[in-house]
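Following: one structure in structure tokens, then a few remarks.
The values are calculated or read from the model by the stated rules, or taken from the named source; none is laboratory data. The structure presented is a predicted model; accordingly, all values stated were derived computationally and were not measured. Positions of Cβ are generated from backbone atoms using ideal geometry, with glycine treated the same way; all protein chains shown enter the neighbour counts.
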């Protein structure tokens, strides 16, 4: 007769193992990165009346909201925020394992002459940013477009560089970056590298 310990060991070995994760940023590091990005935006864009922060769904929208809140706490003026959906402008739909839900873009109707800052959680190949620029074209012609990201993980496929980066997190192509926000995911804010 097998002991309880041996039975327990057998049961545990049958449970598929979770992918290994390494926390790259905890809630405090995310807060500091958002604050630093906000201050850099303030330094580079003194005219807040002409500034729009447009988040790329899903977590880019949350990053944009947090940046706007911090700018408001420092300057007393909250820059306009919006959403720019990229799902119908991607050039890699056939290569994606699953499609993201379409979310209506919400931008000021007149972007002409304004500074538009695209905001995303993770910059990887650059394809989301390129798709966002295509989507923005139907809303007007901004004076300039900048890019702010919480994490730059490298591996660019297009010549796109972020103007504002919370943290560079070197990764392998086989790894994934998982960004979690407490108000969206009901777990503490974190950025983790998931090893496959």
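Annotations for the structure displayed:
- Pairing residues of the stretch 174-186 that are more than 17 Å from residue 60 (Cβ to Cβ) with residues that are modelled with pLDDT under 95, at Cβ distances under 6 Å and at least 6 apart in sequence or on separate chains, gives 174/196; 175/195.
- Qualifying positions in the stretch 25-40 - farther than 18 Å from residue 71 by Cα and crowded, with 20+ Cβ neighbours inside 10 Å: 25
- Screening the candidates 99, 93 for the property of being in contact with a helix residue (DSSP H, G or I) (Cβ under 8 Å, 6 or more places away or on another chain) and modelled with pLDDT under 95 yields one hit, 99.
- Verdict on residue 72 being modelled with pLDDT of 95 or more, farther than 19 Å from residue 180 by Cα and not in a loop (DSSP other than H, G, I, E, B): yes
- Any hit, the stretch 115-130, residues being over 25 Å from residue 168 (Cβ atoms) and either modelled with pLDDT under 95 or not in a helix (DSSP H, G or I) (or both): no
- Taking every residue in the stretch 71-86 that is on the phi > 0 side of the Ramachandran plot and surrounded by fewer than 16 Cβ atoms within 10 Å (Cβ to Cβ) and pairing it with any residue that is in a loop (DSSP other than H, G, I, E, B) and modelled with pLDDT under 95, at least 6 positions away or on another chain, yields no pair with a Cβ-Cβ distance below 6 Å.
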